[in-house]
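Read-outs: derived from the displayed coordinates by stated rules, not from any lab. Bear in mind the structure is a predicted one, so any value in this text is a computation, not a measurement. Heads up, the Cβs are rebuilt from the backbone with ideal geometry, glycines too, and the neighbour counts pull from every protein chain shown.
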Ligand code: PEP
Ligand code: MG
């Protein structure tokens, strides 16, 4: 519960805002900072383009950077912010518009081209103004109360940079339940609702808002009765979570019929390690390392020594439990805009994960060397994202061997055996799971992407979210196939997609033969409780029945019926989510 703060992320949605007198200094500072980081970004692009295409092409970008250092461009923007008391985005857009119009009126064709350059620079600048997160001066205007962020859309890097101390919830107009922003909200324990139609037209800045993340409902200007109802619910929920957490700390769990189950945590940042311990997870089943880059304020890759220290620290703090570190899964919707030079029409099918790593060998080699340097600090397992063929895994294995020899040559101690696994999240990998299982030490099913790519449904697109169905027969058949391939090859297989953290799907996955699960740290206690209270025999019966059904609706009906009878009433069983 808190006060609404409206946040517009898209280029075409920024609007004019009149600043209070005491906001002007902060806005000027925000503008100067954005200009500085935009210059750095453009110069990096210039270097890259220069190396790849030659200096004459780099000159275009050097000229762009010059605009951002030129007082005849910066001066009028700053004056507009301070004299007219308008927000920086608006000042940049209006100054650009009038300057570009003047260039266009000149007879010299070269100068007409400068207008297009100027507009390009202005776009970069506005992106940096928006990308820095919510400006502290706006947050301070809401005193004493929690803030509910109301946004059209949030990117994963927005989500890791929002000031978590003040934000008590967020709501977005766009997105899906398994988009990375929703996953981060779950990890941070911030109630969130995504894909709310006409959100920004319905809520005003400063409105009092309740975000019910469990039911997916947002209340505006609630009555006193409703507030006390939610206060009650919140405290009951906190009590329930506390008792689940206490039980979770008692260590590894077994099902009713004595099967060992591992329940690990998915994390994005090292700052979540205390949660992994506090919520009783059996180690980390997925460390999304790309967030080391997405959360860095200067959008730089941490160097080898810095990365090695981060990995070593995670391994040592969680030992003897395993820590599965996934190599960079950038591209797609994660960080592509911070990686200049890779503008793609269809990024989710483009240079994402391992593909981008192969295009950026120096960046990838640095990460592998850092991982190997850290390896002896604990139980390291390396996981590779977006694998679609055997040759990609072989190439990674060769790189690991090369880096190991190199490091040993430098006198660094590296264990002989490095545990290496593949994400199964592209249908091609699931179909070839038997062949992949023979090449690697373990498999990890990324159901978020496996569902997205199997059903051709963008996981972050609210217009098709009803078609994103984990219980679709095609998805179940693929998962069953992967579980069977892993069993036959005697290789461990885990599920680290969001399905793992949902009690009903957990039961289904258990029945399909999965024994290792990984999920947001806060889901661990409830799922350990589920594992303790079901038997694999019951779960298998449900899974077998599910595999005979022809439609997702039939599977949903079966799961909701069985979920009610097999899972303890204390656990949240919400058939609404299945259907
Ligand atoms: C997945 O795809 O299921 C997964 C765990 O990886 P991510 O959500 O980071 O894409
Ligand atoms: Mg994935």
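For this structure, a couple of remarks:
- Reciprocal mean inverse distance between Cα atoms of region 165-296 - Kirkwood radius, Å: 17.3 Å
- Between 0 and 90 degrees, the angle of helix 109-131 with respect to the longest Cα principal axis of the chain falls at about 50 degrees.
- Against the chain, whose longest principal axis comes from its Cα atoms, helix 24-53 is set at around 80 degrees.
- Largest-first ellipsoid semi-axes for region 239-570, taking √(5λ) over the Cα gyration tensor eigenvalues, angstrom: 32, 23, 19
- Here the relative contact order of the chain, from alpha carbon pairs under 8 Å that lie six or more residues apart, stands at 12 percent.
- The protection proxy used here, the mean number of other Cβ atoms lying within 10 Å of each residue, ranks peptides 150-158, 83-91 as follows, highest first: 150-158, 83-91.
- Rounded to whole Å, sorted largest first: equivalent-ellipsoid semi-axes of region 202-278, Cα gyration tensor: 35, 17, 12
- The C-alpha atoms of the chain define a longest principal axis, and helix 390-409 lies at about 80 degrees to it.
- Going by neighbour counts of Cβ atoms within 10 Å, the residues 304, 413, 27 line up, fewest first, as 413, 304, 27.
- The chain: proportion of alpha-carbon pairs further apart than 32 angstrom, %: 51 percent
- C-alpha center-to-center spacing [region 195-227, region 510-560] in angstrom: 33 Å
- Counting DSSP beta bridges with both ends in region 239-570, the antiparallel % (nearest 5): 10 percent
- Rg to Rh, two decimals, where region 436-529 supplies the alpha carbon set and Rh follows Kirkwood: 0.97
- If the convex hull is drawn through the Cα atoms of region 144-185, its volume per residue in Å³: 59 Å³
- Exposure proxy shown here: for 354, 162, 479, the number of other Cβ atoms within 10 Å sets the order, fewest to most, as 162, 354, 479.
- For region 1-109, a Kirkwood hydrodynamic radius built from all Cα pairs, placed in the Stokes-Einstein relation at 37 °C and 0.692 mPa s, yields a translational diffusion coefficient of 206 µm²/s.
- Fewest-first ranking of 495, 95, using other Cβ atoms within 10 Å as the exposure measure: 95, 495
- Only beta bridges with both residues in the chain are counted; by DSSP, about 20 percent of them are antiparallel.
- Separation of region 383-424 and region 263-290, taken as the distance between their Cα centroids, equals 23 angstrom.
- Antiparallel content of DSSP bridges confined to region 317-460, in %, to 5: 5 percent
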